[in-house]
Amino acid sequence: MVILIILIAFVIIGAVVLTVIGLRNPGGTDDRVLQSRLEELSQSNEPVELRKLELSQPFQERILFPIARKMGEIAIRFTPQNARHSLEKKIEMAGMAAKWDPTLILAIQFVAMLFFGGIVMFVFTIGSLSWPFGRKLLIALLFGLIGFYFPQMMISSTISRRQKEIRKAMPDALDLLTICVEAGLGFDAALAKVSEKWESQLSMAFARVIQEIQLGKVRREALRDMSDRLGLAEMTSFVAAVIQSEQLGVSLSKVLRIQADQMRVRRRQMAEEEAHKAPIKMLIPMAGLIFPSLMIVLLTPAALRLFQSALGAMFR
């Protein structure tokens, strides 16, 4: 029993340490730290030694971070190709491609699985609950499965929040695009102007499109890639309208104005939909929290008086 407790505690501590490592070490941090070390040593007059450069880094960057990434690399070897592509697409849609990679996400998933399952098993081990070992193991596996999918649930929440922000910002961005195009700017210059004026997820997406166009990618391909990364039906419609206007020679300013009007109508419809959902969402806290409190406050004095009356004496 003591060995089992020590083993579970070791698993939990390791899971916590590796989870903290994964959250504090997004992709590309090692390269930035190494580059900063090189810049510091290059400014000094001392000759740069690779051993000295490696030892100058903290312990977690030299030992723990590579262990976490190695775990992710091992896990991704046994991951199906479709699941890997789905995870990569989710990371892209969440806007975390510059900070995270599938190997790190998979490592965090397995660590979270060990953490959740280990916590439950540890509680069962030190507790006095007289359940069979098979039932305890089944519950621990169930919580481990929840822990495995917990990082993906966080990614899905980030995707929904990002899409909601982009959907709310699209009408104003298209209005600004229309004004810039009508003022004589080209579409690429108008996108650059919008990305300069705003600091939002939509402006960052436009800025990436401009960078890809400057690197030689065709504009319609860059726009389609942006639509795939965002995963919004509104953005897909906007990109299709822009590409068709370019191919058919239609006035781009008119197309942008029509798209802005449609996005504004869509945003108002979404606001009305959220307003109609509010009473249903309020029903759960009202029925579970407010109504029982009101019943206790209102009926307790009457129940006490009834209990002290002659009718209450019949039940004593």
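Taking a ≥ b ≥ c as the square roots of the Cα gyration tensor eigenvalues, with a/c under 1.5 meaning rounded and otherwise prolate when a/b beats b/c, else oblate, which class fits the range 83-152? Cα axes put the range 83-152 in the prolate bin. Here's how it looks for residue 101: its modeled amide H is under 5 Å from those of 27, which are all 5 or more places away or on a different chain.
One quarter of the convex hull surface, Cα atoms only: what value does that give for the range 155-242 in nm²? Display every interim value, and only then the final one.
On the way: hull surface 22.1 nm².
The Cα convex hull of the range 155-242, projected and averaged over all directions, gives 5.5 nm².
A 30 angstrom limit on the alpha carbon distance is what I want to check against. Which of 136/277; 90/197; 197/281; 90/254; 90/281; 197/277 exceed it? Table pairs above 30 Å Cα-Cα are 136/277; 197/281; 90/254; 197/277. Distance from the Cα centre of the range 141-157 to that of the range 99-127, in angstrom? Using only Cα atoms, the two centres lie 9 Å from each other. Note that the range 102-118 has calculated 3J(HN,Hα) couplings of x, 4, 5, 5, 5, 4, 5, 4, 5, 5, 5, 4, 5, 5, 5, x, x Hz, one per residue in order, obtained from phi through the Karplus relation 6.51 cos²θ - 1.76 cosθ + 1.60 (θ = phi - 60°); glycine and proline are x.
Readers should treat all values here as calculations from the given coordinates under stated rules, not as data from a laboratory. Keep in mind it's a predicted model, so treat the numbers as computed, not measured.
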